[in-house]
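To start, the structure itself, in structure tokens.
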């Protein structure tokens, strides 16, 4: 198997020596995916599914961070799925991480119903509207609801989760009302929510949510997650989530 192809790059994930293959001209994972892995709780021997895995960042990082039994990534774009498979092979994780190319709208036919303990998703945030010039470019598909929408993601997560299983999603605060409405519609009860702020004095630009299938109503709003303490300097929590060494402090 060819590990790295022309114009691709290999990035260090700072976890257990793992690396990931990306194509900078098409699509690379963002901070939202990494922050989601810091929010997700995976218990020992649990089975995890990532809907719309892209280049496999979420299952690979969760394998590094948790004691789950198996990690599956579902991705519709052939090129992204191929990069994810090669990253899995490069890290020697074929025994624990499985990448499947397929449409998440058909996930109920691809996997047994009620079969996963944990499902995650970093879905497209933007509805289709003005300014979308190249509808089927990899970046457009990853960012806009072209091949699936938020309801598709939540509906299929509900189908595939065990009763009591946990669904984790990262999205934009501007769509929080729709997100909560769809979660409850499909019997995924929101249990934890955390807003992400770029700086303490700025508005939040991400929201992290955990929902439980057929859970009882009770939502815990966690302390804000602040990304930067000052320009180009992460807060300590962000360094911990990424696994980066903190810079030396100069008095």
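The values are calculated or read from the model by the stated rules, or taken from the named source; none is laboratory data. Not measured: the values here are computed from a predicted model. Note that we place each Cβ from the backbone using ideal geometry, even for glycine, and neighbour counts take in every protein chain shown.
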Exception for residue 173 within (1) touching a strand residue (DSSP E or B) at 6+ places or on another chain (Cβ under 9 Å); (2) crowded, with 18+ Cβ neighbours inside 10 Å; (3) over 21 Å from residue 71 (Cβ atoms); (4) without any contact (Cβ under 8 Å) to a residue 60 or more places away in the chain falls at (2)
Of the residues in segment 92-117 that are touching a helix residue (DSSP H, G or I) at 6+ places or on another chain (Cβ under 6 Å) and not in a loop (DSSP other than H, G, I, E, B), the one that is surrounded by the most Cβ atoms within 10 Å (Cβ to Cβ) is 99
Residue hits (segment 22-45; in contact with a helix residue (DSSP H, G or I) (Cβ under 7 Å, 6 or more places away or on another chain), over 21 Å from residue 197 (Cα atoms) and modelled with pLDDT of 95 or more) are 42
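Here is a yes/no grid of residues against (1) touching a residue at least 24 places away in the same chain (Cβ under 8 Å); (2) closer than 23 Å to residue 166 by Cβ; (3) surrounded by fewer than 18 Cβ atoms within 10 Å (Cβ to Cβ):
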site	(1), (2), (3)
182	yes, yes, no
205	yes, no, yes
211	yes, yes, no
214	yes, yes, yes
217	yes, yes, yes
224	yes, yes, yes
228	yes, no, yes
233	no, no, yes
239	no, no, yes
Selection from segment 61-75 of residues surrounded by fewer than 24 Cβ atoms within 10 Å (Cβ to Cβ) and over 9 Å from residue 48 (Cβ atoms) yields 64, 65, 67
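Okay, residues lined up against (1) without any contact (Cβ under 8 Å) to a residue 12 or more places away in the chain; (2) buried (at least 17 other Cβ atoms within 10 Å of the Cβ); (3) in contact with a strand residue (DSSP E or B) (Cβ under 7 Å, 6 or more places away or on another chain); (4) not in a helix (DSSP H, G or I):
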residue: 7; (1), (2), (3), (4): no, no, yes, yes
residue: 14; (1), (2), (3), (4): no, no, no, yes
residue: 25; (1), (2), (3), (4): no, no, no, yes
residue: 36; (1), (2), (3), (4): no, yes, yes, no
residue: 42; (1), (2), (3), (4): no, yes, yes, yes
residue: 45; (1), (2), (3), (4): no, no, no, yes
residue: 50; (1), (2), (3), (4): no, yes, yes, yes
For this session: Evaluate segment 172-188: report whether one residue or more is assigned to a strand (DSSP E or B), under 21 Å from the mean Cα position of the chain (by Cα), within 22 Å of residue 42 (Cα to Cα) and at pLDDT 95 or above.
Result: yes
Out of all the residues in segment 205-215, is one or more in a loop (DSSP other than H, G, I, E, B), at pLDDT 95 or above, under 28 Å from residue 11 (Cβ atoms) and over 18 Å from the mean Cα position of the chain (by Cα)? no
